[in-house]
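One structure is given below, encoded as structure tokens.
The values are calculated or read from the model by the stated rules, or taken from the named source; none is laboratory data. This structure is a prediction, so every number in the text was calculated from the model and none was measured. Positions of Cβ are generated from backbone atoms using ideal geometry, with glycine treated the same way; all protein chains shown enter the neighbour counts. To get the accessible areas, we keep the full protein, side chains included, count just its heavy atoms, and leave off ligands, DNA and RNA. Shrake-Rupley method; radii C 1.70, N 1.55, O 1.52, S 1.80 Å.
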Amino acid sequence: MPVIWYIYNGFVMRSIPKEVVIKNSRHFRVFFHDRSFSGPFECKHLKALSISWWDTTLLPLIEANTDSMENLVWKGSPASSPARPTTLSDLDYDLLSRMTCTLEELQLSHWTISSRKFTQLLSSCKRLTRLYLTAVEWVDHDFDPNGLESPTGSPLSLQPSSPQSPQSPSPPISVTDTVYQQQPGQGISDLRLDISVSKEGAFVDLVRSCPDLENFALYSESTQDPRMLVHVLREHCPKLSGIEYVLRFSSALGGYDYMSDSEYSDLILCARQLKTLKIDIPWLDDAMVSALIMQSSTLESLSLRFQMQRSLPMRDADNICKILKYCTRLKNLSIVFSPHSLGRDETLRLFNEPWKCLDLETLELTDVTMAMESVQQGGGGNHDPLNQHPLQPFHWRLGSASRAVPDS
């Protein structure tokens with residue numbers, strides 16, 4: 001098979017005569033569609049297909065490759081488009097159901113999706129492990145706020161929890177529990193939700209149906225989403241070990257919607273054995289630090305992005321020092337102070353004591369202040385403060401280096 005025709009990219013290959021593309025299309029295995037040319041194509045063994053905007057002329061292409069499809073990226077058309085409604089139709093579900101024996105990764109964006117139909121589809125997927133949903137409208141879902149309970153068994157309040165609320169993680173769930181067995185989407189290990197419009201109860205049933213979930217990423221502009229999902233993750237995803245929470249700018253609020261310190265702690269503790277955490281936070285307070293220390297026996301990768309500057313920045317530095325002292329298994333550490341920089345005194349506080357994370361391989365410190373003074377010229381004269389280098393935000397990356405054992 002000619003290697004040059006293994007991948008088809010409609011934008012990159014737009015200048016190639018269409019008859020040449022059609023003639024060699026039987027060799028395609030990876031297909032990137034951009035509406036520049038819609039065929040007809042003769043490929044019947046596609047492994048990966050990326051559709052930038054849905055076009056009904058692609059229907060024959062998808063139908064001819066449902067038996068071999070492993071990776072599908074499918075973006076719906078805008079609501080104003082007359083070509084196709086944004087709702088995922090019965091025909092679309094039928095096409096997806098014909099891929100259930102081969103599909104390993106599915107990315108859907110800009111669609112209105114029926115919860116019941118979609119979770120039923122997931123139950124028939126035999127190899128699907130990665131699911132990414134972006135800007136989708138989740139409808140037709142079952143949600144009972146009284147069905148969500150706190151670890152103590154009382155109904156869960158969806159209001160922000162008090163910073164003084166006690167931290168008490170739930171007992172582990174056994175794979176023999178009835179809640180774990182016979183669930184749709186049982187093979188999904190990676191789930192990413194990019195939520196543009198929050199809706200009460202949305203995605204609760206989806207997360208509940210993924211008991212094999214290992215990595216969960218949430219991109220959202222409303223704290224309602226993590227508050228709703230954190231307890232479902234704790235109760236129904238016993239294998240969860242990686243969490244990413246990216247906070248979007250809220251145009252409705254004109255800023256960012258932050259959770260309380262105890263709620264960030266709840267998010268961290270919803271994983272039984274947390275290995276990786278990437279999270280946006282206003283600042284670093286005691287409950288969250290305590291939660292990180294509780295996960296220190298397994299935590300290997302930590303990324304903190306600060307988004308606010310408090311009146312006492314030394315408190316952030318002190319809490320970071322606790323992480324450096326107790327999270328001894330860390331291999332990757334990223335601390336980003338955006339958009340402000342950590343002051344000189346606070347930065348120096350990080351280096352007052354030796355770090356205990358001796359296995360650290362990669363380190364990133366962004367927007368920390370390093371002050372350097374120029375060397376005085378000559379032996380006399382007073383020190384001129386104008387000769388000092390100004391304080392500047394500092395970006396420091398320490399890449400991993402191989403450790404060589406010297407010959408004895």
Apply 1/(1 + (r/R0)^6) to the Cβ-Cβ distance of Ser52 and Ser198, taking R0 = 25 Å, and write down the FRET efficiency to the nearest 0.05.
0.45
Rank these by accessible area, largest first, 1.4 Å probe: Ile16, Ile195.
Ile16, Ile195
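Could you check how many percent of all C-alpha pairs in segment 173-312 are farther apart than 27 Å?
19
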Considering only segment 238-372, percent of DSSP beta bridges that pair antiparallel, nearest 5:
5
By the scheme Lys and Arg +1, Asp and Glu -1, what is the net charge of all other residues having a beta-carbon under 9 Å from that of Cys357?
+3
Once both label points are put 7 Å beyond Cα along the C-beta direction, the Arg248-Tyr6 separation in nm becomes 3.6
Computed lengthening from Asp90 to Gln273, 0.36 nm per intervening residue step minus Cα-Cα distance:
61.9 nm
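On the protein heavy atoms, probe 1.4 angstrom, tell me the percent of accessible surface of segment 35-79 carried by carbon and sulfur.
Numbers: 1020 of 1950 Å².
The value for segment 35-79 is 52 percent carbon and sulfur by accessible area.
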How far apart, in nm, are the 7 Å Cα→Cβ label points at Arg127 and Ile16?
2.5
Label point distance in nm, Ser338-Val30, each placed 7 Å from Cα along Cα→Cβ:
2.7
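Residue separation times 0.36 nm, minus the C-alpha to C-alpha distance between Thr298 and Gln224: what's the value? Could you put the intermediate results ahead of the total?
Numbers: separation 74, 0.36 × 74 = 26.64 nm, distance 2.82 nm.
Length gained between Thr298 and Gln224: 23.8 nm.
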Cβ under 14 Å from Phe32's Cβ, Phe32 left aside: what net charge do those residues give with Lys, Arg +1 and Asp, Glu -1?
+3
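Whenever you get a sec, line up Val204, Val3, Val30 from highest to lowest accessible area (probe 1.4 Å, protein heavy atoms). Before the final figure, lay out each step's value.
On the way: Val204 0, Val3 125, Val30 25 Å².
Largest to smallest exposure gives the sequence Val3, Val30, Val204.
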Mind checking the full-extension length gain between Lys325 and His45? Use 0.36 nm per residue of separation minus the Cα-Cα distance, one decimal, nm.
95.5 nm
Could you tell me what percent of the accessible area of segment 200-298 is made up of carbon and sulfur, with a 1.4 Å probe and every protein chain present?
46
